[in-house]
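The values are calculated or read from the model by the stated rules, or taken from the named source; none is laboratory data. The structure presented is a predicted model; accordingly, all values stated were derived computationally and were not measured. Backbone-built Cβ (ideal geometry, glycine too); neighbour counts: all protein chains shown.
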Amino acid sequence: MKHKVWFGTVAIVMVVAMVLAACTPQTIEVTREVQKEVTKEVTKVVEKEVVKEVTPTPEPLDAISQIDPTGQEIVFWHVSTKKHEEVLLDMIDEFNATNEWGIKVIPEYGGYYGDIYKKIMAALAAGEPPDLAVAYPNQAADYALNGDVVALDDYVASAKYGLTEADLQDIFPAFLAGDRNPYYDNKLMSFPPNRSMEVLYYNKTLLEQAGYDHPPATWAEFEEMSKAVTALGGDVLGGYAYVGGASNFATYTFTRGGDIIKDGKAVFNGPEAVEAMTMIQRMFQEGTAYQPAEKYGDQTDVSSNKAAFALGSTAGLKYWVSAFETNAPDSEWGIALPPHETTEPVVDLYGPSVCVFKTTPERQLAAWLFIKWFTDTEQTARWAEDSSYFPVRASAAAEMTDYFASKPMYAQAWSWVKYGRTEPNIPGWQEVRGIIGNAMTEIINGADVQSTLDKAVEEANAALSSQ
């Protein structure tokens with residue numbers, strides 16, 4: 001009996017062992033699969049966590065972007081008077097009230113262009129310049145000779161405070177080009193808040209009386225029409241009310257394909273300039289051109305049916321409108337591209353810019369931020385409408401639709417910006433302008449054209465080489 005029990009027990013144990021042995025491989029495979037799945041899930045979680053925790057190293061900020069201009073007060077010397085000054089002061093008040101850094105611009109009238117130039121030169125000598133000032137590009141070049149002007153390239157390129165690529169494409173290239181100075185490695189020594197151009201103002205009524213239904217397209221036509229208008233007699237003083245000066249000279253020369261400065265040297269005694277001044281001298285000798293005695297006498301005479309032509313800035317358009325309304329409300333008048341002998345028309349683009357003087361990094365940045373604000377689309381359109389200057393951005397046109405519609409001559413001139421060429425902006429040009437003006441005066445009074453211009457070029461190059 002005992003043996004049977006033992007044998008049965010052994011049999012049961014063996015059966016259980018066999019069953020367990022048969023089941024073991026399946027348990028191992030399931031375990032492996034579970035381990036794989038768990039491993040995959042853990043890996044995914046770990047990968048996700050790693051991705052979340054890894055932060056890219058930020059690019060180091062440029063030097064300008066690291067400056068804090070908060071709370072800076074800066075002095076701005078300007079040239080605006082009367083209504084222009086009112087508008088400028090209103091805009092400055094708005095900037096002061098709305099800029100996020102609490103920058104305060106303090107405006108001061110510095111006199112007209114010649115006066116402010118002298119004032120700034122004196123201030124630089126005394127070591128007390130303003131923070132920024134209105135200056136023609138060539139004047140800014142003079143101020144920079146001793147390192148007193150800040151090149152604006154780094155401010156324009158600043159990641160935090162600069163202009164975007166879209167901004168730079170929006171600003172007219174010809175405007176910016178006039179502020180890039182070859183004397184300073186083409187750096188941006190000033191910045192354009194506006195521009196104007198030299199155009200031909202003409203009295204349509206007088207031209208019609210002389211038998212013409214269009215303004216002159218070439219200088220030969222200009223001379224011919226001036227003769228015809230002069231022949232009308234009566235109150236007519238001459239065809240061309242000549243003012244003179246370096247900008248008129250630039251127009252005469254550029255529209256014939258000539259240069260004034262080339263590779264840093266004066267070359268305004270070339271055939272184009274000689275031809276231009278020979279024509280002007282001939283017109284004076286024949287009585288078809290004359291020089292008004294009064295300031296703005298050209299505007300007065302053309303608007304009083306006493307002359308047919310004058311060269312002048314588009315910034316003066318509103319004053320021409322007023323002059324005709326006052327002096328000859330029944331007369332018709334207009335503006336035209338200057339006569340030209342080149343394939344394409346050429347207009348002399350000019351106008352004051354703004355430069356920033358070396359003070360402190362914070363004040364220099366504050367000055368740039370004011371310039372940046374003043375030249376954004378909304379502000380440049382506003383300033384253009386109130387000053388009669390052109391805006392510096394193409395996008396401003398959309399803001400000025402009503403203004404263009406109400407000022408067709410302004411809109412007409414705006415379409416000519418593409419023909420623009422700028423006067424030299426190198427150090428010494430301010431002095432050279434005076435030399436050219438003196439030579440022009442000698443020529444209209446009978447001096448030999450070629451020898452007078454040769455002498456002027458020698459003087460000009462001496463002035464340029466002394467910089």
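General observations
- Residue in region 400-414 that is part of a loop (DSSP other than H, G, I, E, B) and crowded, with 18+ Cβ neighbours inside 10 Å present: yes
- Taken together, the residues in region 198-214 that are under 26 Å from Ser415 (Cα atoms), surrounded by fewer than 18 Cβ atoms within 10 Å (Cβ to Cβ) and not basic (Lys, Arg) amount to 4.
- Residue among Glu85, Glu100, Glu108 that alone is assigned to a loop (DSSP other than H, G, I, E, B), free of Cβ contacts under 8 Å to residues at least 40 places away in the same chain and more than 19 Å from Arg433 (Cα to Cα): Glu100
- Test result for Phe175, over 16 Å from Gly287 (Cα atoms) and out of contact with any Pro (no Cβ under 6 Å at 6 or more places or on another chain): no
- Failed criterion for Phe284 (all others in (1) over 16 Å from Ile443 (Cβ atoms); (2) surrounded by fewer than 20 Cβ atoms within 10 Å (Cβ to Cβ) hold): (1)
- Restricting region 173-192 to residues that are aromatic (Phe, Trp, Tyr) and part of a helix (DSSP H, G or I) leaves a set whose member that is farthest from Ala367 (Cα to Cα) is Tyr183.
- Exactly one residue out of Leu369, Leu453 is modelled with pLDDT of 95 or more, not aromatic (Phe, Trp, Tyr) and not assigned by TED's automatic domain parsing to the domain that holds Thr164: that is Leu453.
- Among the residues of region 184-197, those that are surrounded by fewer than 20 Cβ atoms within 10 Å (Cβ to Cβ) and either touching a His at 6+ places or on another chain (Cβ under 8 Å) or not polar (S, T, N, Q) (or both) comprise Tyr184, Asp185, Lys187.
- Residue check for Arg382: out of contact with any strand residue (DSSP E or B) (no Cβ under 7 Å at 6 or more places or on another chain) and of a type in the set (Lys, Arg): yes
- Residues located in region 236-294, provided they are under 31 Å from the mean Cα position of the chain (by Cα), at pLDDT below 95 and over 24 Å from Glu459 (Cα atoms): none
- Considered as a group, the residues in region 418-460 that are polar (S, T, N, Q) and not in a loop (DSSP other than H, G, I, E, B) include one that is nearest to Asp142 (Cα to Cα), and that residue is Gln430.
- Among the residues of region 116-150, just one is under 19 Å from the mean Cα position of the chain (by Cα), more than 22 Å from Lys104 (Cα to Cα) and not in a helix (DSSP H, G or I), namely Tyr136.
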